[in-house]
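Engineer: One structure coming up, written as structure tokens, with questions to follow.
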């Protein structure tokens, strides 16, 4: 069964209560779905070790198949290879894959409690295109939770392993949401969608700050095939870089890792 984001948005916006997962009948594929979309993105004042304004193309995908839940994307930066771009000469690609394994579906039992609808063994893998760049693997516990107004949200807690240094480096808590809140007569709608990724407990030998993260707040218009949106992203010592402190590999430059970034997106859904 394939559900578009429009169908998922309509489901999330209904007045019916969000139900816990139930696989006691043995049918672990009854909630299967998949989606794929391409996002043409513009990032303005993006934070990190450096501030950056650039374009990129994102292939974003997700779905459910039996015991497995998946979200991921692949970003390609500086599409025209413009020499004046902030991304010129830097890594061309960044990838995130976040598979989760449902404990409810794997055991055939209802493990829901309170606002927790379903529980998972959760993981997240981050790579970029450079030989000495981002290479992180994260593993922990995940859940889908029922929250007032928002409805169904994801909530995961990971331990973070950095393959670049061959060591564990703190923890990450992540949540995400997709909330349609205004509908038009033609079936299109406006949504509030976003996520929080926050790292803590990072070690001094690998990170300038022991904690840091980002919150994305997007307002998007959705139809069945297209979406157009704007996102406001709030940063605080993101990726463990201490804002205003010299960069480890370039003491003449300082980290620009806190503040506000802006994003615009045009999406086509397959």
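Coordinate-derived values only; no laboratory data. Every value quoted in this text rests on a predicted model; they were computed, and no experiment measured them. For neighbour counting, all protein chains shown are included, and Cβ atoms are generated from backbone atoms with ideal geometry for every residue, glycine included.
Engineer: How big, on average over all directions, is the shadow cast by the Cα convex hull of segment 5-269, in nm²?
Structural biologist: One quarter of the hull surface, i.e. the mean projection, equals 14.9 nm².
Engineer: Something else now. Sort 82-91, 46-55, 147-156 for me by packing, meaning the mean count of neighbouring Cβ atoms within 10 Å per residue, highest on top.
Structural biologist: By packing density, highest mean first, the sequence is 46-55, 147-156, 82-91.
Engineer: Grab the Cα-Cα distance for residue 132 and residue 190, subtract it from 0.36 nm times how many residues apart they are, and report the gain in nm with one decimal.
Structural biologist: 16.8 nm
Engineer: Same structure again: For every helix of n ≥ 4 consecutive DSSP H residues, a contribution of -39,500 (n - 2.57) applies; sum these over the chain, divide by its total residues, and give [θ] at 222 nm rounded to the nearest 500 deg cm²/dmol.
Structural biologist: -1500 deg cm²/dmol
Engineer: Compute the distance from the alpha-carbon center of segment 67-130 to that of segment 148-181, in whole Å.
Structural biologist: 10
Engineer: Which value in nm describes the separation of the simple spin-label points at residue 44 and residue 219, placed 7 Å from the Cα toward the beta carbon?
Structural biologist: In this crude spin-label approximation the distance works out to 1.4 nm.
Engineer: Going 7 Å from the Cα of residue 249 along its beta-carbon direction, which residues of segment 85-99 have the amide nitrogen within less than 15 Å of the resulting point?
Structural biologist: Answer for segment 85-99: 87-94.
Engineer: Which residues in segment 192-219 have a backbone N closer than 18 Å to a point placed 7 Å from the Cα of residue 262 along the Cα-to-Cβ line?
Structural biologist: Only 215-219 pass the distance filter.
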